[in-house]
Structures are given as structure tokens and as C-alpha cells.
Amino acid sequence: MANLLEAHLRHANYYLFVLRSSNDKYLQKDNLLEGLRLFDFEWENIQSAQGWASNNYPKHTEIENLCLHYPLVGLSVLAIRQNPFERIKWLDLGLAITQRQNLITNVELILNHLGLAYGTVGDYLKAIEYFEQGLGLASETGSLKAKAACLGNLGQASASLGKLELAREYFDQALVIDREIGDSQGESNALSNIGMLYAQQ
């Protein structure tokens, strides 16, 4: 029995490594397509390994940590390749584990990505709930980058609901923070979002 558990753990850890590698390659401009090819080729194995972990995580600390890390190490590539409803399940389990382990930074991250996943399926009210939770937590911890991200996402969700004035308020707040912390990419995103609002109006 112990040998079987060890075999499953090796299998799950290996495909966690594969998922991380595909995500890392995807984030590198020169290796983007290679990262996607790796992900697509191994996706069934990745799903199988995460599925085993999610069915057995209460039994073992290492399995619990696998369930936490699967949605986190592949954040970027999973966002464009994974079915959003499956993504929500992975993130929900990760959130429960991070809350139990009191991993505040991971809680902020998962709340934001849960909001993005619900936005993908058109449930903007649910998305806003998660973005607001993430914003509240970021305000408590003083994480300005996370706060700006949540504000930007709240703006996008609000715009999708036709609340353009509220969306502008969120984008303006995000822009102020991005400039304060010198986040040029965040500043660019905020300005782009504000431009989008002007186009809609």
C-alpha cells in the first residue's frame, strides 16, 4: 500500500513539474509555442495526476500541497487552455487549502483568478464577489500590486455589466496605484481599459 502511494505521489509530482515547465515556457516569448505544445501533449496526464490528488488530498499533507500547487504553477497557460468550470474546481480546492494553511498571499492570488474564471463564463456578479474579497484582503495586507489587480478586474467586470462610471472609478484607482509602485505594465493596462470605456461611451 505504501509503495502504491509513493508511485502515485511520484506520478503527481512529475506532472506538476511538467505543468510548471509548460507555463514557464509559455511566459517566455521565444518559447511560447513550445510551452503550449508541451501542455497540449501532456494535458490528459496532468488532469489524471491532479484528479488523483484531489480525490485523496485529505489523507496526506504532500497530496494536499499538490492540490494547492496544481492551479498555481500553471496560472497563465491554464487560463487559456483549461475549461473554465474545471478551472473553478481546481481553484476552489486550492482556496480551501490556502485558507486552512493561512497562506494569505496565495489566498489573494486565488481569489483574483476565481473572479477571472467566473468572468470567463459570464457570471460577472460572482466574479465581482471574488474580486471584492481579494481587494479587501489586499487592503489588509498592504499588497498594492494585488490591490491594483483587483481594482482593474473589478473595473472590467463592472464594464461588462454596463456600469461604465463605476468601472472608470476602479480603473482610475488602479492607475494611481500602478504609477505609485512603478508598475509600467499595470499602468498600460489601466490606460487601455480607460480608453476602452471612452470607446464604449
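The values are calculated or read from the model by the stated rules, or taken from the named source; none is laboratory data. Just so it is clear, the model here is predicted, and its values are computed rather than measured. Please note: Cβ atoms are built from the backbone with ideal geometry, for glycine as well, and neighbour counts cover all protein chains shown. Just the protein is used for accessible areas: all its heavy atoms, side chains included, with ligands, DNA and RNA removed. Shrake-Rupley method; radii C 1.70, N 1.55, O 1.52, S 1.80 Å.
In table form, for the structure just shown:
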read-out	value
Matching option when the condition is crowded, with 20+ Cβ neighbours inside 10 Å and more than 18 Å from THR105 (Cα to Cα), among ASP178, ASP172	ASP178
Residue tally, condition of a type in the set (A, V, I, L, M, F, W, C) and surrounded by fewer than 24 Cβ atoms within 10 Å (Cβ to Cβ), over the range 143-160	3
Test: residue in the range 131-142 that is on the phi < 0 side of the Ramachandran plot, surrounded by fewer than 21 Cβ atoms within 10 Å (Cβ to Cβ) and not in a helix (DSSP H, G or I)	no
Filter result for the condition that a residue is within 14 Å of ALA12 (Cβ to Cβ), among the β-branched types (Val, Ile, Thr) and either without any contact (Cβ under 8 Å) to a residue 60 or more places away in the chain or in contact with a Ser or Thr (Cβ under 6 Å, 6 or more places away or on another chain) (or both), over ILE97, ILE80, ILE88, ILE46	ILE46
Residue list for the range 105-124, restricted to those being in a helix (DSSP H, G or I) and either among the charged types (D, E, K, R) or open to solvent by 60 Å² or more (accessible area, probe 1.4 Å) (or both)	THR105, GLU108, LEU109, LEU116, THR120, TYR124
Looking only at the range 74-93, and only at residues there that are β-branched (Val, Ile, Thr) and closer than 15 Å to SER22 by Cβ, the one that is least open to solvent (accessible area, probe 1.4 Å)	VAL77
Residue list for the range 2-59, restricted to those being of a type in the set (S, T, N, Q) and either more than 12 Å from VAL73 (Cβ to Cβ) or at pLDDT below 95 (or both)	ASN3, GLN28, ASN31, ASN45, GLN47, SER48, SER54, ASN55, ASN56
Residue in the range 176-190 that is in a helix (DSSP H, G or I), out of contact with any helix residue (DSSP H, G or I) (no Cβ under 9 Å at 6 or more places or on another chain) and closer than 21 Å to THR120 by Cα present	no
Test result for ALA127, farther than 30 Å from GLY51 by Cβ, open to solvent by less than 40 Å² (accessible area, probe 1.4 Å) and within 20 Å of the chain's Cα centre (by Cα)	no
Those residues of the range 32-73 which are surrounded by fewer than 16 Cβ atoms within 10 Å (Cβ to Cβ) and more than 28 Å from ARG100 (Cβ to Cβ), in sequence order	LEU32, LEU33, GLU34, ARG37, ASP40, PHE41, GLU44
